[in-house]
Amino acid sequence: MSFGFTSDTSKVFGKMVEEAGSYNVKIMDSSVAKKSKTGKEMAVLDYEVLDGKYAGGSIKWHNIVWDESSEEAMQLSLKRFNTLTAALGFPDGTNFNMTLERFVKGIKGKQLNINVDWEEGNNGNYHLAVKSQQLIKEKSEPNGVFRPSNGTKKAAETSTNPFGNSNQSKQATTNPFEQTTLENTDPFAKNSTTIDIPDKDLPF
């Protein structure tokens, strides 16, 4: 059998969560401790949905910053991390005097519930952002709010070329790699530089 297929988003690695809402999740092994752009310690948590139609889907890049630059920033940091540990079920008085790396390693695999909503990034793309954390619930509850659309997304949806731009939407071609301005239809050809990725495939 020679190479050939029809694209199908239901058959991919890493299921996408397509709605805002409330999700029962576990903290994924890909979560890390790192430095923020301003040099502050930061936990970057990735979550995997445990149940419902998005079970196995991931919600990534929840940044929780530890900031000691002022008393007010310190108190906010304590509240952020106490909210997380309370949602994970740790009782009052639990001592977390350890490195942030050790803390993140220790909470991997633990379960909680998160509320997420669509948030616009600096580049105009939308991603799911964590708005609150609480103890795990009876079930996950997507709320029916899908990713907001924008001009780039609409252009991509109207094009018959999944790698083309809005100027190519008038084409009636069956070759997804074909370019209107090139005689060579090889998608890896030297001049084939106008490939656009749909916004829905980008995290931000």
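No lab work stands behind these numbers, since they all come straight from the coordinates. What you are looking at is a predicted structure, and each value in this text was computed from that prediction instead of being measured. Ideal geometry is used to build each Cβ from the backbone, glycine not excepted, and the neighbour counts take in all protein chains shown.
Every test in (1) surrounded by 14 or more Cβ atoms within 10 Å (Cβ to Cβ); (2) without any contact (Cβ under 8 Å) to a residue 40 or more places away in the chain; (3) out of contact with any helix residue (DSSP H, G or I) (no Cβ under 9 Å at 6 or more places or on another chain) is passed by L100 save one, and that test is (2).
Take the residues of segment 87-97 that are touching a residue at least 12 places away in the same chain (Cβ under 8 Å) and not in a helix (DSSP H, G or I): which is surrounded by the most Cβ atoms within 10 Å (Cβ to Cβ)?
Taking segment 87-97 and keeping what is touching a residue at least 12 places away in the same chain (Cβ under 8 Å), we get 87-89, 96.
If we keep only those that are not in a helix (DSSP H, G or I) too, we end up with 88-89, 96.
Values: L88: 17, G89: 12, F96: 13.
Here the residue is L88.
Counting the residues of segment 98-144 that are part of a strand (DSSP E or B) and in contact with a Phe, Trp or Tyr (Cβ under 9 Å, 6 or more places away or on another chain) gives 15.
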